[in-house]
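What follows is calculated from the coordinates using simple rules that are stated; it is not laboratory data. Since we're looking at a predicted model, the values are computed, not measured. Virtual Cβ from ideal backbone geometry, glycine too; neighbours counted across all protein chains shown.
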Amino acid sequence: MVAGCTGRRWVGRFPGGVCPAAPTDMPWKGRKLFQSEIEVPAFLAEYCVYEYSGAGAPDPAATAALQAAVAGSSDCTFTEDCVTVGPLTDEKEVDATRSILHDEFIQQVNGAALPPVNPGETLAIARVAVIDTKAGAQTPENPHATVVGGLIRDLTCSDPGVRCAADVTYELGLPHLNNIKLDPSGGHFGSMSQVATAIYRSVSDWQSQNYTAPGVPPVNPRLVINASIGAQPGLDCGPNAEQLSCAAQSAYDAIRHATCQGALVVAAAGNSPGGELRREPAIDGSGPYDFSDEEVGLAGGTCPAAWTRMISRDECEGIEGAKYDALFINEGYAPFSQSSPGVWAQTPLLVPVAGVDASNALLPNARKGSLPRNVAFGLLGTATEDPMLPFPPPMTGSSLGAAAWTATAVNTWAYQPELTARELIDLLHATGSPIYDAQNAVRTAKVDWDHAVPPEKVKRPSACAAIAKICSSTSPPAACPAMPMPACAPFASSPTQNHLSTLQARFSALFANTTATKADFGSTPKPSTDVPGDTLRNLSTPSWIHPQPETFPCGNCAFNLGLGNVDIYINPSFTSTIRTARLLLNDANGGRLGSALLHFPSGMSHPAKLSYTINNLPANTAQAEISFEVESNGVTGSSTGTILLMK
């Protein structure tokens, strides 16, 4: 049986919307996949899920009986809905460093301050639905949702009593603790249909709470769905969703429904899966590696980000029905705008987002072949739901980039919610700042919704610049300040991935009683057989839908380039066995400079503090990573992540 598949859950799509009866002499239960208090659109009502209520996995006879009873009526591949989607002591000092990283993340995204609001006016508050590892106000086992949603909240509602642009909610899309066990408060990964129903719930709840009372202005006129999750390319993930399984198509159709209803869907572009696909070819200007067709496929975008394309008003009318979008037009929040009288402009189905660091370089875990036109700051972000609770370990990856882009979109939409999603997307890109490659040329998108020729420039958005554009119009919205807006400050530039030398004192205190081990830095070929992340796939690479990024062993890890010290604090919740690790140093464009072996003591317990003094360091270091070799449940793999770099 394929990893992540238990045989207990199957999904089909049946024209007419009637679920065929399951075998009556076996413990199969069938029901509609999409359910809500409001009417389910006909094209979504055709999806049915069949679940095995017996103990353990169904035997081959039970599976064959189910397929014989219902598979022939399905108009897409009746298939198993495997788990395929995933997120990616000393507490006082640990939490203090994370608090500083949190504040730095906010400043990197919002700048010194967001533009002011005209006295006496209020911002439009969007609903933000985070599809992730958390359900509602529950405390999840996996903190990925807490970090993603918490950052969006803190970026948009720093002072809820004075200025707030978002109502952040959580829909549980990743409920699995393992292949079989689900936790209603949140898990580590999930299946395609579980993500589909979470997306649908976010839309139906938003509509029922805002658009069911005629003539009553909506509290949250706009909906933004953040999906900082991803499934690896394979049977359930590819750019042509119509060729995938029923389970995958249910997630795709849920996104179509959301976008047709006026929502803005933001998806993480995905992180490197590790192994031979660890690094994006030519990220540093060097020649590409030799990938087989299978490997190139795996290196493509994760889903749902890989489904990026344009969707038209005609397509939405075709799937949603005759009454489509009349309510939105009456309320003034139409999903589509007219490019000319009588001609409706298309809109992106979703917005894929990748991450950059403080120097605007792509993150070291950038995914090959999946660079979209939109990027945002995605380095070492953390947030907490409750100021009385400690900060979770910082994360780096496209999840954080998607969270930052989501918050920037919400802060901009708050001034002019009448903009359609397409108009908002275009505004953020037009006013954003381009990023550059190793040859100082503007990077261009590798994947995009409209396959523009020449390819679109890759840009990092600025809420200040976008709001300034809105407020400079001849008829600015009421929320715009009456006085001229102050000039927008550029992003805090840095020659390295970050510039938090202020954290040196915190790390010195945290590791004061740790004896340093010496290690030598040497030249390392690319890819290297010595680096775990270059030779071993990430343990989450098989068919799972995971957070992007996944859990990383480092609870607090930093490299002080001036002192040549590496300090490693292993996250207490990381329970896999660590075999070895290497410090990886890159130049400002992500070019690998080499690595140093970091010996780990056998039988090391968690949490653990380790320090190393590194000799023979290159002067042009700008990025720092640690690549771990880990073992979990008898499987050996890698876990590679960016760490704090101080000069």
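Dipole size of the chain about its Cα centre, with +1 on Lys/Arg Cβ and -1 on Asp/Glu Cβ: approximately 780 debye, rounded to the nearest 20.
Expressed to the nearest 5 percent, the antiparallel share of DSSP beta bridges inside the chain is 70 percent.
For segment 195-254, run through the chymotrypsin sites (Phe, Trp or Tyr not before Pro) and keep only the ones in DSSP coil with at most 13 other Cβ atoms within 10 Å of their Cβ. Show your work: numbers first, answer last.
Details: sites: TYR200, TRP206, TYR211, TYR252; in loops: TYR211.
Here no loop site has a sparse enough neighbourhood.
Say the cut-off is 22 Å between C-alpha atoms; which of LYS368/LYS459; LYS134/LYS446; LYS29/LYS134; LYS368/LYS457; LYS29/LYS181 go over it?
Values: LYS368/LYS459 18 Å; LYS134/LYS446 32 Å; LYS29/LYS134 26 Å; LYS368/LYS457 17 Å; LYS29/LYS181 18 Å.
The answer is LYS134/LYS446; LYS29/LYS134.
Which order do THR575, THR515 fall in if you start with the one that has the fewest other Cβ atoms within 10 Å? Show your work: numbers first, answer last.
Working: THR575 10, THR515 7.
In order of increasing Cβ crowding within 10 Å: THR515, THR575.
Relative to one another, the C-alpha centroids of segment 332-408 and segment 53-74 are positioned 40 Å apart.
Convex hull volume per residue, computed on the Cα atoms of segment 9-80, equals 86 Å³. The distance from the alpha carbon centre of segment 424-476 to that of segment 240-257 is 29 Å, rounded to a whole number.
Matching the structure-derived P(r) over Cα pairs in 20 Å bins from 0, in percent against the labelled list [x] 20, 54, 25, 2; [y] 16, 45, 33, 5, 0; [z] 18, 49, 24, 7, 2, 0 gives the label [x].
Placing +1 at every Lys and Arg Cβ and -1 at every Asp and Glu Cβ, with all other atoms neutral, what dipole size does segment 9-80 have around its Cα centre, in debye to the nearest 20?
Working: 5 positive and 8 negative charges, 6 e Å.
The dipole magnitude comes to about 20 debye.
Of VAL70, VAL40, the sequence from fewest to most neighbouring Cβ atoms within 10 angstrom is VAL40, VAL70. Taking other C-beta atoms within 10 angstrom as a stand-in for reagent exposure, TRP449, TRP10, TRP405 fall in the order TRP449, TRP10, TRP405, fewest first. Name the residue farthest towards the positive end of the dipole of the chain from the options LEU644, ASN513, ILE152, assuming +1 on Cβ of Lys and Arg, -1 on Cβ of Asp and Glu, about the Cα centre. The one lying farthest along the dipole's positive direction is ASN513. Secondary structure note: in segment 100-471, about 40% of the DSSP beta bridges are antiparallel. Computed about the Cα centre, the dipole magnitude for segment 100-471 is approximately 380 debye when only Lys and Arg (+1) and Asp and Glu (-1) carry charge, each at its Cβ.
What does the net charge come to around ALA145 if you take all other residues with beta carbon closer than 12 Å to its beta carbon, with K and R at +1 and D and E at -1?
Numbers: positive: LYS134, ARG153; negative: ASP132, GLU141, GLU171, GLU385.
Result for the neighbourhood of ALA145: -2.
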